[in-house]
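The values are calculated or read from the model by the stated rules, or taken from the named source; none is laboratory data. Just so you know, these numbers come straight off a predicted model, no measurement behind them. Here the Cβ positions follow ideal geometry from the backbone for every residue, glycine too, while neighbour counts run over all protein chains shown.
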Amino acid sequence: MVIKPRLKGGLALTNHPIGAKEFVKRQIDYVKSQDKYEGPKKVLIIGSSSGYGLATRISLAFGAGAETIGVAFEKGVEGKRAGSAGWWNTIAFNEAAEKEGLVSKNFIGDAFSMEMKDDVIKFIKEEFGGKIDLLIYSLASAVRTDPIDGVTYRSALKSTTKDITGPTINFEKEVMEETTMGVATPDEIKSTVKVMGGEDWKLWIEALDKGGVLSEGFKTVAYSYLGPKVTYGIYKEGTIGAAKRDLEHTSDVLNDFLKEKYNGEAYVSLSKALMTKASAVIPIFPLYAALLYKVMKEKGIHEGTIEQKHRLLTQMVYGNNPVIDEERRLRPDNWEMREDVQAEVEALWDKVTPDNFKEISDYAGAREEFMQLNGFDFDNVDYDADVDLDELAKLKP
Ligand code: NAD
Ligand code: NA
């Protein structure tokens, strides 16, 4: 089968398994081109198959020699459907990790369930040396079933103040168009906090603690985003912002608990805006990202997912140059948030039109990044070649 890209707005309907290998390889090559660092040896990553979670796993494994457990929600080959991008990313990661003799174990399923927590803890006890040094929480999900009351909650990408209308990029049609983000009901705000807030992160830590699998000095980091003024309406003051503030509150609760019992730490890290499966569907966000890339690339301070996570780990979490704000949040988004960067993004934001957006933003770069998430647009992958799905179906993460 020959696999071609098919998009629907900010959603990729297809992905390329051979391209996924290249996607992962380039991130590994970046880490290998940098100095090795002293970091954790045993790591659990929730949301390990794509975006920021995958980049974190790659940095830790190939930069610090960590053995990793990944939890992700992905699909394998079903008939003519080639499986999800995160499925192939995980297989590519496994192959590379195994070559270096690094344990790489994967649990594909629902991280929100208690069953998943029990399975992971059992594995840590019986086959992973008994303890973990670090847990990275990098989930992005639209739905969560609360394991305690059994209710299924759906997150909504909505405003909490008023209807927000603004421009965005439609990668499918390659146009800039107006989108409107409606106002959430109180129920929708509550549900989004249920899905994307800190409750599940806390349940993981409680279960791991009870299971006796946390090491002395254990750390945990959850990923969040704040963003600048131009995105406040859709992010900071949106339903997702409400959920992220809940996540931040949870980090303080967990930090007190871990400090006391394990001399450990819990942090939220505010990451830079990047194109990922999760962010590409947020209204307005893709245009902001394309303008931001333009400015940051011109200034020589642009980072992709791997550079961003590698800096977070080597400089901040396991380094001596943490950037921490007054709310105790790690700030690898510090370059994005620089005044000169934001002033230039705002100036472009005022100038951008459906006619000039391809020239004045880094549209090409943002689109390439989006396509590469799904294994497309690599110059060294032959996209006319037949992909043998029957053969590939034998591979499991
Ligand atoms: P992503 O979609 O690339 O990754 C999400 C991961 O969560 C995948 O591994 C997916 O398999 C996993 N997942 C989803 N539902 C699951 C479930 N029920 N059980 C197990 N695994 C599940 O998204 P991303 O952009 O890397 O987002 C990760 C975190 O980083 C999010 O908290 C996001 O808010 C944050 N973040 C993203 C950006 C950005 O610009 N993309 C910026 C700052 C922070
Ligand atoms: Na992730």
Legend entry - Residue check, Glu391 at pLDDT below 95, charged (D, E, K, R) and either closer than 26 Å to Ala97 by Cα or assigned to a loop (DSSP other than H, G, I, E, B) (or both): yes
Inset, instruction - Taking only the stretch 269-296 into account, find how many residues are away from ligand 2 (no atom under 16 Å from the Cβ) and outside any helix (DSSP H, G or I). - result: 2
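Residue-by-condition table, conditions (1) touching a helix residue (DSSP H, G or I) at 6+ places or on another chain (Cβ under 7 Å); (2) in a helix (DSSP H, G or I); (3) of a type in the set (Gly, Ala, Ser):
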site: Lys32; (1), (2), (3): yes, yes, no
site: Asp35; (1), (2), (3): no, no, no
site: Tyr52; (1), (2), (3): yes, yes, no
site: Thr68; (1), (2), (3): yes, no, no
Inset, instruction - Kindly provide the set of residues from the stretch 106-136 that are of a type in the set (Asp, Glu) and more than 16 Å from ligand 2 (Cβ to nearest atom), ordered by number. - result: Glu115, Asp118, Asp119, Glu126, Glu127, Asp133
Legend entry - Residues of the stretch 326-337 satisfying the condition of being out of contact with any helix residue (DSSP H, G or I) (no Cβ under 9 Å at 6 or more places or on another chain) and either farther than 30 Å from Val253 by Cα or outside any helix (DSSP H, G or I) (or both): Glu326, Met337
Inset, instruction - Restrict the check to the stretch 359-369 and report whether at least one residue is of a type outside the set (Val, Ile, Thr), assigned to a loop (DSSP other than H, G, I, E, B) and at pLDDT 95 or above. - result: yes
Inset, instruction - Show the residue pairs that are 6+ apart or on different chains and have beta-carbon atoms under 8 Å apart, the first residue being within the stretch 32-55 and in contact (Cβ under 8 Å) with a residue 12 or more places away in the chain, the second being among the acidic types (Asp, Glu) and within 13 Å of ligand 2 (Cβ to nearest atom). - result: Ser49/Glu74
Inset, instruction - Being under 25 Å from Tyr223 (Cα atoms), at pLDDT below 95 and polar (S, T, N, Q) is the filter; apply it to the stretch 161-205 and report the residue that is surrounded by the most Cβ atoms within 10 Å (Cβ to Cβ). - result: Thr168
Legend entry - Subset tally (residues that are at pLDDT 95 or above and either aliphatic (A, V, I, L, M) or more than 20 Å from the chain's Cα centre (by Cα) (or both)) for the stretch 77-99: 8
Inset, instruction - Scan the stretch 43-57 residue by residue and report those that are near ligand 1 (Cβ under 6 Å from one of its atoms) and either in contact with a His (Cβ under 7 Å, 6 or more places away or on another chain) or polar (S, T, N, Q) (or both). - result: Ser48, Ser49, Ser50
Inset, instruction - Just name the residue that is farthest from ligand 2 (Cβ to nearest atom) out of those in the stretch 297-315 that are more than 18 Å from Glu368 (Cβ to Cβ) and crowded, with 20+ Cβ neighbours inside 10 Å. - result: Thr314
Legend entry - Sole residue being in contact with a strand residue (DSSP E or B) (Cβ under 6 Å, 6 or more places away or on another chain), under 27 Å from Pro40 (Cα atoms) and either modelled with pLDDT under 95 or of a type outside the set (Ser, Thr, Tyr) (or both), chosen from Ile136, Ile121: Ile136
Inset, instruction - Collect the residues in the stretch 138-190 that are of a type in the set (Val, Ile, Thr), farther than 18 Å from Tyr288 by Cβ and within 24 Å of the chain's Cα centre (by Cα), keeping them in residue-number order. - result: Val143, Thr145, Thr152, Thr160, Ile189
Legend entry - Residue among Val103, Val24 that alone is of a type in the set (Val, Ile, Thr) and touching a Leu at 6+ places or on another chain (Cβ under 9 Å): Val24
Inset, instruction - Of all residues in the stretch 92-116, count the ones that are away from ligand 1 (no atom under 16 Å from the Cβ), assigned to a loop (DSSP other than H, G, I, E, B), without any contact (Cβ under 8 Å) to a residue 40 or more places away in the chain and not acidic (Asp, Glu). - result: 2
Legend entry - Single match in Leu135, Leu157 (criterion: part of a loop (DSSP other than H, G, I, E, B) and either crowded, with 21+ Cβ neighbours inside 10 Å or of a type in the set (A, V, I, L, M) (or both)): Leu157
